[in-house]
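Report on the structure given below.
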Amino acid sequence: MKLSGQCLCGAVRYSGEGDPVFQVKCYCTDCRRVSAAGHAAMMGFPAEAIQVAGEVKEFHSTADSGSDVSRAFCPVCGSGLFAHGSAMPGLIFLRASTLDDPNLFTPQMVVWAARAPHWDPVPAGLPAFAERPAGL
């Protein structure tokens with residue numbers, strides 16, 4: 001698949017081509033807070049498949065899983081764009097909400113489903129993990 005996306009103001013753009021390693025809806029505390037929603041929708045790609053144009057700032061933290069995560073955002077408008085994590089080195093996790101064509105995102109699973117708020121329920125029919133599957 002060919003994909004592209006950007007932050008709200010357009011100062012940071014990304015593009016790439018290839019198939020995602022996975023597509024996930026995450027309800028962990030950090031994803032809820034950083035997305036300002038009940039979950040974050042993310043697509044994992046090999047980092048070398050995605051090209052980023054523009055300057056980003058990064059926020060580093062320890063995720064609920066215990067791994068180190070760096071979340072990149074636009075320093076102009078504050079839009080969160082992607083993340084890298086120590087648990088899955090070599091992958092970039094694009095925020096599906098920033099895609100130019102959001103219909104490219106098709107969730108394959110739900111992680112941290114036990115933390116889903118009642119107002120943003122886990123979709124029926126998707127494999128769901130109370131926390132996260134091994135290796136993710």
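Once you have the Cα-Cα distance between Q51 and A36, take 0.36 nm times their residue separation minus that, and quote the gain in nm to one decimal.
2.8 nm
Short version: ³J(HN,Hα) in whole Hz for each residue of segment 91-97, in order, from phi by Karplus 6.51 cos²θ - 1.76 cosθ + 1.60 (θ = phi - 60°), x for Gly and Pro, what are they?
Once θ is set to phi - 60°, the couplings for segment 91-97 become 10, 10, 10, 7, 6, 4, 5 Hz.
Mind ranking 21-28, 49-56 by how tightly packed they are, going by the mean number of other C-beta atoms within 10 angstrom, highest first?
Ranked from most to least packed, the peptides come out as 21-28, 49-56.
Under a point-charge model restricted to the Cβ atoms of Lys and Arg (+1) and Asp and Glu (-1), what is the dipole moment magnitude of segment 2-115 relative to its Cα centre, in debye to the nearest 20?
Computed about the Cα centre, the dipole is about 340 debye.
Which three extents, in angstrom, do the Cα atoms of the chain have along their principal axes, listed largest first?
Per principal axis, max minus min of the Cα coordinates gives 36, 30, 29 Å.
Of G18, L99, S35, whose Cα points farthest to the positive end of the dipole of the chain (charges on the beta-carbon: +1 Lys, Arg; -1 Asp, Glu; origin at the Cα centre)?
S35
Quick one: net charge of L99's neighbours, Cβ under 13 Å, K/R +1, D/E -1?
Net of charged neighbours comes to +1.
Quickly rank 73-85, 119-131 as a protection proxy: mean count of other C-beta atoms within 10 Å, highest first.
In decreasing order of mean packing, 73-85, 119-131 become 73-85, 119-131.
Counting other beta carbons within 10 Å of each residue's own, what order do M88, M1, M43 fall into, fewest first?
M1, M88, M43
Residues with beta-carbon under 12 Å from that of P75, excluding P75: net charge, scoring Lys, Arg +1 and Asp, Glu -1?
Combined, the nearby Lys, Arg, Asp and Glu give -1.
Which value, in Å to one decimal place, does the Kirkwood hydrodynamic radius take for segment 63-136 when every pair of different Cα atoms is included?
Radius from the Kirkwood sum: 14.2 Å.
Given the rule -39500 (n - 2.57) for each run of at least 4 DSSP H residues, summed and divided by the residues of the chain, what is its mean residue ellipticity at 222 nm, to the nearest 500 deg cm²/dmol?
Using -39500 (n - 2.57) per qualifying helix, the result is -1500 deg cm²/dmol.
Show me the ranking of peptides 61-68, 13-20 by mean Cβ neighbours inside 10 Å, starting with the highest.
Most protected by this proxy first, the peptides run 13-20, 61-68.
How far apart, in nanometres, would the label points at A11 and E131 be if each is projected 7 angstrom from Cα along the Cα-to-Cβ direction?
For A11 paired with E131, the spin-label model returns 3.8 nm.
Quick check: the distance between the Cα centres of segment 107-136 and segment 46-94, to the nearest angstrom?
21 Å
Given labels modelled 7 Å from the Cα in the Cβ direction, how far is it in nm from D64 to Q108?
According to this spin-label approximation, the distance is 2.1 nm.
No value in this document is a laboratory result; all are computed from the given coordinates. Owing to the predicted nature of the structure, the values given are computational and were not obtained by experimental measurement. All Cβ positions, glycine included, derive from the backbone under ideal geometry; neighbour counts span all protein chains shown.
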